[in-house]
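Trainee: Sharing a structure with you now.
Any read-out appearing in this document is the output of simple, stated calculations on the displayed coordinates, not a laboratory observation. Computed from a prediction, not measured in an experiment: that's the story for all the values here. Please note: Cβ atoms are built from the backbone with ideal geometry, for glycine as well, and neighbour counts cover all protein chains shown.
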Amino acid sequence: MKRIDMEFDLVVIGGGTGGPMAAVKAKEKNPKLRVLLIDKANVKRSGAISMGMDGLNNAVIPGHATPEQYVKEITIANDGIVDQEAVMAYAANSFDMINELDRWGVKFEKDETGDYAVRKVHHLGSYVLPMPEGHHMKKILYRQLKKARVEVTNRVVVTRVLTGESGEVVAVMGFDCRTADVYVIRTKAAVLSTGAAGRIGLPASGYLMGTYENPTNCGDGHAMAYHAGADLANLECFQINPLIKDYNGPACAYVTGPFGGFTANSKGERFIECDYWSGQMMMEFYNELEGGNGPVFLKLDHLAEETISEIEHILHTNERPSRGRFHEKRGNDYRKLLVEMHIS
């Protein structure tokens, strides 16, 4: 084990989606900045959407939704326990971000007029924007990193952001996850882009990786921010989602709902009034199980062949390619069988 010392103007921690975008934006603002992007995996295939994404579920696009509508929707979904200022900041900048990604080559679904083809799942506004070739997302971001001349260090787990006497950032510390070499990187600023806290403790299902979010998103970024003295927002509520039983992946009502799929009880009846993630949705799910109407299923067998084929293409080739193989080994065919669901 040895100590490795480095020095940069800015260190971006996290190489998923937000990290590369932050690093590129910093270089665009000032090309002379020495910017380092650091990740505990490999930036080419790291983060919660390392294999791509089937759609953007929170696209706030003029003509389809307003930032105010989005903030209201998120506030309702979280039973009012939310920092609206933080949500508004995202909503107000969403459209510019989407246009930027579109210029970089990310393929969003568009209609015959060239407008973004968003779909409606929420009560207020339409926010679900499909990405037919979302599996190219990380490749496109990596090209932008190289183009902007951002330096990249892989396989280093950052554990602390160090601050000076006045609270200013002075360095970050970490270790190589393969060699245990210690890294001390002096920097004038740090950006934490480490994703959600997808797994804190054992999930209710008993499966170690039985979470909707990437299970490697374990909250280390939240801890670093806390120890560095940063304000933490919107942690009062935690997210519970319907998953496919025995599989680390969502049932994807966001994808199947606009095509006519729905959540059904053991009688094949639709019982959920709210198709977007919220306390209401999970309470409806829980009450159905407690009321003796479980198990609960994702129902697609009533759909036309071309519709099911399109759903399979979206769900089995982008975000979680293992999903199709899981169903194949289980003998689950969307055309004939319902897919059993579980609570994360």
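Trainee: THR159's amide H: which non-local residues (gap 5+, or another chain) put their own amide H closer than 5 Å, with H modeled 1.01 Å from N in plane and none for Pro or chain starts?
Mentor: MET173, GLY174, PHE175
Trainee: Average projected area of the Cα convex hull of region 1-133, in nm²?
Mentor: 11.0
Trainee: In whole Hz, what ³J(HN,Hα) sequence does region 93-109 give by Karplus (6.51, -1.76, 1.60; θ = phi - 60°), x for Gly and Pro?
Mentor: Once rounded to whole Hz, the list reads 9, 4, 5, 4, 5, 5, 4, 4, 4, 4, 5, 6, x, 6, 8, 9, 5.
Trainee: With only alpha-carbon atoms in the gyration tensor, what are the semi-axes of the equivalent ellipsoid for region 211-266, in Å, largest first?
Mentor: Listed largest to smallest, the semi-axes of region 211-266 are 32, 13, 10 Å.
Trainee: To continue, here is another question. Whole-Hz ³J(HN,Hα) for each residue in region 118-132, computed from phi via Karplus 6.51 cos²θ - 1.76 cosθ + 1.60 with θ = phi - 60°, x for glycine and proline: what do you get?
Mentor: In residue order, the calculated couplings are 6, 10, 9, 10, 6, 6, 10, x, 10, 10, 8, 10, x, 10, x Hz.
Trainee: Within a Cβ distance under 11 Å of GLY15, other residues only, what is the Lys/Arg minus Asp/Glu net charge?
Mentor: That works out to +4.
Trainee: How compact is the chain by the rule of thumb for globular proteins, expressed as Cα Rg over 2.2 N^0.38 Å?
Mentor: Computed over Cα atoms of the chain, the ratio equals 1.05.
Trainee: OK, next. Give, as a single signed number, the net charge of other residues whose beta carbon lies under 10 Å from the beta carbon of PHE326, with Lys and Arg counted +1 and Asp and Glu -1.
Mentor: Once positives and negatives cancel, what remains is +3.
Trainee: Straight-line reach only, C-alpha to C-alpha below 20 angstrom: list the lysines that LYS27 could link to, leaving out same-chain residues fewer than 8 apart.
Mentor: LYS44, LYS138, LYS139, LYS146, LYS147, LYS188
Trainee: Going by a ≥ b ≥ c, the root eigenvalues of the Cα gyration tensor, does region 1-63 fall in the rounded group (a/c under 1.5), the prolate group (a/b larger than b/c) or the oblate group?
Mentor: Oblate, since a/c reaches 1.5 and b/c is not below a/b.
Trainee: Computed from the mean reciprocal separation of all distinct C-alpha pairs, what Kirkwood hydrodynamic radius does region 277-334 have, in Å?
Mentor: 13.5
Trainee: Considering just Cα atoms, how many Å³ per residue does the convex hull of region 192-344 enclose?
Mentor: 126
Trainee: Compute the length gained on full extension between LEU289 and ARG178: take 0.36 nm times their separation in residues and subtract their Cα-Cα distance, giving the result in nm to one decimal.
Mentor: 35.5 nm
Trainee: Dividing the Cα radius of gyration by the Kirkwood radius, what Rg/Rh value follows for region 76-122?
Mentor: Looking at region 76-122, the ratio lands at 1.09.
Trainee: Can you run phi through the Karplus equation (6.51, -1.76, 1.60; θ = phi - 60°) for region 211-227 and list ³J(HN,Hα) in whole Hz, with x for Gly and Pro?
Mentor: Whole-Hz 3J(HN,Hα) from phi for region 211-227: 10, 6, 6, 3, x, 7, 7, 9, x, 5, x, 4, 5, 4, 4, 4, 5.
Trainee: How much of the DSSP bridge set in the chain is antiparallel, in percent, rounded to the nearest 5?
Mentor: Roughly 60 percent of the beta bridges in the chain run antiparallel, per DSSP.
Trainee: Taking just the C-alpha trace of region 133-282, give me its Rg and Dmax in Å.
Mentor: 20.1, 64
Trainee: Where a Cα-Cα gap under 26 Å defines reach, which lysines qualify for LYS299, not counting those fewer than 8 residues away within the same chain?
Mentor: Here the lysines satisfying the reach criterion relative to LYS299 are LYS120, LYS245, LYS267, LYS329, LYS336.
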